[in-house]
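Novice: Structure provided below as structure tokens; questions to follow.
The values are calculated or read from the model by the stated rules, or taken from the named source; none is laboratory data. Computed from a predicted model, the values in this text were never measured in an experiment. With ideal geometry, Cβ positions are generated from the backbone for all residues, glycine too; neighbour counts draw on all protein chains shown. These area figures cover heavy atoms from the full protein model, side chains too; ligands, DNA and RNA do not enter into them. Shrake-Rupley method; radii C 1.70, N 1.55, O 1.52, S 1.80 Å.
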Amino acid sequence: MSWLFLLLVPRMPRSAPFRAGPGPGIELGLSRRGCRALQTIRNVVLLFSSPTRSNGHTVPSTIIKNITALSSDLGYSETIVGNITTLSTNYVPTTKGTVQGLLYVPDLDTDDPCFDLSNKYIPANATRQSNLPPTDYILIALAPWINPDCAKSFMIAAALDPLRAMLVYRPDDADGPPPDVESDLWKIDSSEDWKQDTHFPVYAVSSSAGTRMMQQLNLYSGDLAQVPFSDQINKTYSPDPDDYVRVWTQLSVAPDPSLLAIWALVLIILAVILSVIGGTSLLMHYVQNRRRASLRRRVMNGEVNLEALGIKRLTVPLAHIQNYPLFTYNYHAPITSPKSPKSPGDASFNLASPSSSHILGRNGDRLDYQPTCLICLDHFESRVTIIRELSCGHIFHPECIDEFLSEMSSLCPLCKASMYPRGHCPRITNSMVRRELGTRKLRSRRSFWTAFGNNRPSPEQVLISRELEVTVPTQKQPSAPATTTATTRERRMQDDDGRPQCKLPSTILPYRRAI
């Protein structure tokens, strides 16, 4: 089993990246059990420089020209597609899917029985490792599969070189595709263990393709004077006589269909996840945009007071504040004589009823008598003080209310009515929408439970009321005293908040005096 040990010990460490020439290293990801099949073999001819010495240091060989790419008439070129059998895929590259290197024939020991046997199929001048540039280039081996013992000898010899792949062919077979990978012809020592033990992939080509490549290795193994089209190459590129012209092989491998299926499944799952996330995000943005637009519309129409709800502090533009009218404060307390009520019932009713000269605000305060500015707490002087009247009916010093509404709040300091102009709206954010929606739901819930508690009595209350109806005789309720004509007219003019339904003339409010 000594040959098996040699297969497992390559010349270069497998963990270290191989270098193609003296330039930057090209790292190739390797898969120990990668399922990659060879699809294409492409052979070209490259011109390599010979190592030179400069300033006491040796300059390694480099690739000068791709002769085949520059002129197909001056170099060998061949592309093999099909009729390829993948025998082993150990350590096949998994990054770029290509394996490339100098094509050569491994050297057998002269005392090996296969040495003389292989001379029948390998030309004497075929490219060996000694014919290659001294720099450690990546190599690809080509060997005939004469019999299992000779195949084992070539693999042991190739394992000592910086190898990336090996091509084999059965020279005595008829032209056509090589045998299938499961064929017994590929067994060594009556087993297929070698497929798992090699540290490089092994591919089988047809007999004719292997023979053609072996013939080209025989042509491109000497110096510049011996390679095909040497005169044209020297005339075109003027190379150094010690330079090399060798065959460069590139192998293109493809992933196994199962790997493609796994990657396709992963990509589909990622696409679905991204689609769900993107769709959810778009839907959330759409709903939030609709809610912001709805709140903005209701604020501009005056249906929602953001500041009264405690959502955002607002201020009124100074130009809008100056549209509120200015008056000269003018008020004298009326002189009235007390009148004795005709009856106790009439007296109690008149005391509870508002006088026709008392105009009430939204909170029940009197609008006809406001002697003090409740911002600076200074008293108004009749026919002297200039006042500004807000839309709610309350009056203040112009300088006080102007500064308050433009810098402090958009609400009236007394009744908290909004002075924010219609058609204006601050920047609406999602947090404002959520707070307004929560406040609206809370208020609707409170009104529901309040109405439910007031309109639906408990069973105990129903039972007591029924007992009272049976045992206690009903009594006639005293009728309410008749109201005066002025009181009825005033009630009709007022709404639920105590504000007039129509604008009153300035003669009703004695403190108004237009300026």
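Novice: For Met166, only one of the following conditions fails: (1) at pLDDT below 90; (2) within 30 Å of Gln226 (Cβ to Cβ); (3) not in a loop (DSSP other than H, G, I, E, B). What is its number?
Specialist: Result: Met166 passes all but (1).
Novice: Is one or more of the residues making up segment 201-220 open to solvent by 10 Å² or more (accessible area, probe 1.4 Å), of a type in the set (Phe, Trp, Tyr) and more than 18 Å from Arg128 (Cα to Cα)?
Specialist: No; the residues of segment 201-220 include none that is open to solvent by 10 Å² or more (accessible area, probe 1.4 Å), of a type in the set (Phe, Trp, Tyr) and more than 18 Å from Arg128 (Cα to Cα).
Novice: Any chance segment 179-197 includes a residue that's of a type in the set (Lys, Arg) and closer than 28 Å to Ser221 by Cα? Explain how you work it out, then say what you get.
Specialist: As a first pass, look at segment 179-197 and keep what is of a type in the set (Lys, Arg): 187, 195.
Narrowing the set further to residues that are closer than 28 Å to Ser221 by Cα leaves none.
Within segment 179-197, none of the residues are of a type in the set (Lys, Arg) and closer than 28 Å to Ser221 by Cα.
Novice: Go through the residues of segment 41-60 one by one and say whether even a single one is at pLDDT 75 or above, under 44 Å from the mean Cα position of the chain (by Cα) and surrounded by 15 or more Cβ atoms within 10 Å (Cβ to Cβ).
Specialist: yes
Novice: Now for a different question. Do we find a residue being within 16 Å of Pro325 (Cα to Cα), at pLDDT below 90 and either surrounded by 16 or more Cβ atoms within 10 Å (Cβ to Cβ) or not aromatic (Phe, Trp, Tyr) (or both) anywhere in segment 401-413?
Specialist: No; the residues of segment 401-413 include none that is within 16 Å of Pro325 (Cα to Cα), at pLDDT below 90 and either surrounded by 16 or more Cβ atoms within 10 Å (Cβ to Cβ) or not aromatic (Phe, Trp, Tyr) (or both).
Novice: List the number of the failed condition for Pro341; all other conditions in (1) modelled with pLDDT of 85 or more; (2) open to solvent by 50 Å² or more (accessible area, probe 1.4 Å); (3) touching a helix residue (DSSP H, G or I) at 6+ places or on another chain (Cβ under 7 Å); (4) over 30 Å from Arg440 (Cβ atoms) hold.
Specialist: Pro341 satisfies all of (1) modelled with pLDDT of 85 or more; (2) open to solvent by 50 Å² or more (accessible area, probe 1.4 Å); (3) touching a helix residue (DSSP H, G or I) at 6+ places or on another chain (Cβ under 7 Å); (4) over 30 Å from Arg440 (Cβ atoms) except (1).
Novice: Pairs, please: C-beta under 9 Å, at least 6 apart or cross-chain, first residue outside any helix (DSSP H, G or I) and in segment 183-198, second exposed (fewer than 13 other Cβ atoms within 10 Å of the Cβ) and not aliphatic (A, V, I, L, M)?
Specialist: That search, which allows pairs on different chains as well, returns Ser190/Asp184; Glu192/Glu182.
Novice: With respect to the numbered conditions (1) within 14 Å of Val304 (Cβ to Cβ); (2) in contact with a helix residue (DSSP H, G or I) (Cβ under 6 Å, 6 or more places away or on another chain); (3) surrounded by fewer than 17 Cβ atoms within 10 Å (Cβ to Cβ), which one is the sole condition not fulfilled by Leu437?
Specialist: Result: Leu437 fails condition (2) only.
Novice: Given the criteria farther than 15 Å from Ser410 by Cβ and modelled with pLDDT under 90, does Leu314 qualify?
Specialist: Spelling it out, it is not the case that Leu314 is farther than 15 Å from Ser410 by Cβ and modelled with pLDDT under 90.
Novice: Kindly list the number of the only condition in (1) open to solvent by less than 50 Å² (accessible area, probe 1.4 Å); (2) at pLDDT 55 or above; (3) closer than 23 Å to Arg388 by Cβ that fails for Ile359.
Specialist: The single condition Ile359 does not satisfy is (2).
Novice: Exactly one condition in (1) within 30 Å of Leu224 (Cβ to Cβ); (2) in contact (Cβ under 8 Å) with a residue 40 or more places away in the chain is not met by Ala143; state its number.
Specialist: It is condition (2) that Ala143 fails.
Novice: Would you tally the residues in segment 134-163 being in a loop (DSSP other than H, G, I, E, B), over 23 Å from Ser208 (Cβ atoms) and open to solvent by 10 Å² or more (accessible area, probe 1.4 Å)?
Specialist: First, the residues of segment 134-163 that are in a loop (DSSP other than H, G, I, E, B): 134-138, 145-147, 159-162.
Adding the requirement that they be over 23 Å from Ser208 (Cβ atoms) leaves 134-138, 159-162.
Narrowing the set further to residues that are open to solvent by 10 Å² or more (accessible area, probe 1.4 Å) leaves 134-136, 138, 160-161.
Looking only at that region, the number is 6.
Novice: Scan segment 169-182 residue by residue and report those that are open to solvent by less than 30 Å² (accessible area, probe 1.4 Å) and modelled with pLDDT of 90 or more. Talk me through it step by step, then tell me what you get.
Specialist: Initially, segment 169-182 is screened for residues open to solvent by less than 30 Å² (accessible area, probe 1.4 Å), giving 169, 171, 176, 178-179.
Within segment 169-182, Tyr169, Pro171, Pro178, Pro179 meet the criteria.
Novice: Go through (1) modelled with pLDDT of 85 or more; (2) within 30 Å of Leu217 (Cβ to Cβ) and name the single condition Thr236 misses.
Specialist: Checking Thr236 against (1) modelled with pLDDT of 85 or more; (2) within 30 Å of Leu217 (Cβ to Cβ), the one that fails is (1).
Novice: Considering only segment 62-130, give the strands (runs of 3 or more DSSP E) lying wholly within it that have at least 3 residues that are aliphatic (A, V, I, L, M).
Specialist: Hits in segment 62-130: 98-104.
Novice: Regarding Leu437, is this residue modelled with pLDDT of 90 or more, out of contact with any strand residue (DSSP E or B) (no Cβ under 7 Å at 6 or more places or on another chain) and under 25 Å from Arg296 (Cβ atoms)? Full working, then the answer.
Specialist: Working: modelled with pLDDT of 90 or more: no; out of contact with any strand residue (DSSP E or B) (no Cβ under 7 Å at 6 or more places or on another chain): yes; under 25 Å from Arg296 (Cβ atoms): yes.
No.
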